[in-house]
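Undergrad: First, the structure itself, so that you have it in front of you.
The values are calculated or read from the model by the stated rules, or taken from the named source; none is laboratory data. On a predicted model such as this, the values are computed, not experimentally measured, just so you know. Cβ sites come from the backbone with ideal geometry, for glycine too, and all protein chains shown count toward neighbours. Accessible surface areas use protein heavy atoms only, side chains included; no ligands, DNA or RNA. Shrake-Rupley method; radii C 1.70, N 1.55, O 1.52, S 1.80 Å.
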Amino acid sequence: MIGFTIWDIVRNLLLALRWTVALSLLSFLMGGTLGIVLLFMRNSRYRILRDIIRVYIEVFQGTPLLMQLFLVFFGIALFGIEVPAWLAAGVALTLWSASFLAEIWRGCVDAIPRGQWEASACLAMNRFQQMRHIVLPQALRIAIPPTVGFGVQIIKGTAVTSIIGFVELSKAGTIITNATFQPFIVFGLVGLMYFVLCWPLSKYSQFLERKFNVAHRH
């Protein structure tokens, strides 16, 4: 490793790690916001609206994230608009995340007994009020473990964005490997950093799931 020490490698990977964390947070927060909108639309009284959202979810869940990245990055460029790699990555991951989070949360909403809907309807609540005041607070407790678990998938999914030139952790690993010719050391550190990010979230998700199961039995 001529001219490179282990600390040089770690320091450069940590710089790239910031972008992985930033992209993950952006995708989760924006995807979650859009997911909530999709959830309300999916539970709309209007069939046409439900069908449109169902198609959107099935398309984004049924196609590779890599393809979606290419369509956003190169597709918009066809209209003469140059899209920065970080923006294309953020948009693609947001749309992808929203489709999965909406379905995760829909399953949690569907787990709420029908009697809760009927009771709130007796209080003259409309559909939005039923969701906001009665159903969602109960569904939230169920939704936390799978939502945290999906957050781990988003972090690992950011690695795919390197294909369009976004320099996140795995892309930085490739660049450093080309300079040091030490793939085992470099990607060993890359894997360790992903593990440090994802493992606590995975354990926290499992803890929340056990906690919910205990509370549910009691």
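Undergrad: Ignoring solvent entirely, what values of log10 I(q)/I(0) come out of the Debye formula for segment 1-142 at 0.10, 0.14, 0.16, 0.19 Å⁻¹ when each Cα is a single scatterer?
TA: Debye curve over Cα of segment 1-142, log10 I(q)/I(0) at q = 0.10, 0.14, 0.16, 0.19 Å⁻¹: -0.50, -0.79, -0.92, -1.11.
Undergrad: Quick one: pull the percent of accessible area on the chain belonging to carbon and sulfur, 1.4 Å probe, ligands and nucleic acids left out. Kindly include the intermediate steps, with their values, before the conclusion.
TA: Working: 8710 of 12510 Å².
The value for the chain is 70 percent carbon and sulfur by accessible area.
Undergrad: So the label point goes 7 Å from the Cα of Met125 along Cα→C-beta, right? Which residues of segment 135-155 then have their backbone N under 11 Å from it?
TA: Backbone N within reach: 135-139.
Undergrad: Each residue of segment 189-203 in order: what ³J(HN,Hα) in whole Hz does its phi give by Karplus 6.51 cos²θ - 1.76 cosθ + 1.60, θ = phi - 60°, with x for Gly and Pro?
TA: My calculation for segment 189-203 gives 5, 4, x, 4, 5, 4, 4, 4, 6, 8, 4, x, 5, 5, 5 Hz in order.
Undergrad: Let me ask something additional. Say each of Lys156 and Val196 gets a label point 7 Å from the Cα, pointing the same way as Cα to Cβ; how far apart are those two points in nm?
TA: That separation, rounded to one decimal, is 2.0 nm.
Undergrad: In addition: Give me a comma-separated list of calculated 3J(HN,Hα) values for segment 174-180, in order, Karplus coefficients 6.51, -1.76, 1.60 applied at θ = phi - 60°, integers in Hz, x for any Gly or Pro.
TA: Working through the residues one at a time gives 5, 5, 5, 4, 5, 8, 9 Hz.
Undergrad: Heads up, I need the accessible area for Thr180: 1.4 angstrom probe, whole protein in place, Å², nearest 10.
TA: Roll a 1.4 Å probe over it and Thr180 shows about 10 Å².
Undergrad: At 0.36 nm per residue, and after removing the present C-alpha to C-alpha distance, how many nm does the segment from Ile36 to Thr63 gain when stretched out fully? Kindly include the intermediate steps, with their values, before the conclusion.
TA: On the way: separation 27, 0.36 × 27 = 9.72 nm, distance 2.14 nm.
Between Ile36 and Thr63, full extension yields an extra 7.6 nm.
Undergrad: So what J values fall out for segment 93-100 if you push phi through Karplus, 6.51 cos²θ - 1.76 cosθ + 1.60 with θ = phi - 60°, rounded to Hz, Gly and Pro as x?
TA: 3J(HN,Hα) across segment 93-100, in whole Hz: 5, 5, 5, 5, 5, 4, 5, 6.
Undergrad: Please give the Cα centre distance for segment 162-182 versus segment 1-60, rounded to the nearest Å.
TA: Segment 162-182 and segment 1-60 have Cα centres separated by 21 Å.
Undergrad: Any lysines with Cα under 28 Å of the Lys171 Cα? List them, leaving off those in the same chain fewer than 8 positions away.
TA: Answer for Lys171, where 28 Å is the Cα cut-off: Lys156, Lys203, listed by chain and number.
Undergrad: Taking only protein heavy atoms into account and a 1.4 Å probe, give the accessible area per residue of the chain in Å².
TA: Working: 12510 Å² over 218 residues.
Accessible surface, normalised per residue, equals 57 Å².
Undergrad: Expected output is a single nm value to one decimal: the length gained when fully extending between Ile6 and Thr180, i.e. 0.36 nm times separation in residues minus the C-alpha distance. What is it? Write down the numbers at each step before the final one.
TA: Numbers: separation 174, 0.36 × 174 = 62.64 nm, distance 1.04 nm.
Residue separation times 0.36 nm, minus the Cα-Cα distance, leaves 61.6 nm.
Undergrad: So how do 187-196, 79-88 stack up, highest first, on mean other-Cβ count within 10 Å? Before the final figure, lay out the partial values.
TA: Details: 187-196: 15.6, 79-88: 13.1.
Going from most to least packed, we get 187-196, 79-88.
Undergrad: Ranked from highest to lowest mean number of other Cβ atoms within 10 Å per residue, what is the order of the peptides 154-166, 95-107, 52-64, 28-40?
TA: 95-107, 154-166, 28-40, 52-64
Undergrad: For Phe212, project a label point 7 Å along Cα to C-beta. Then give me every residue of segment 85-112 with its amide nitrogen under 18 Å of that point.
TA: 98-112
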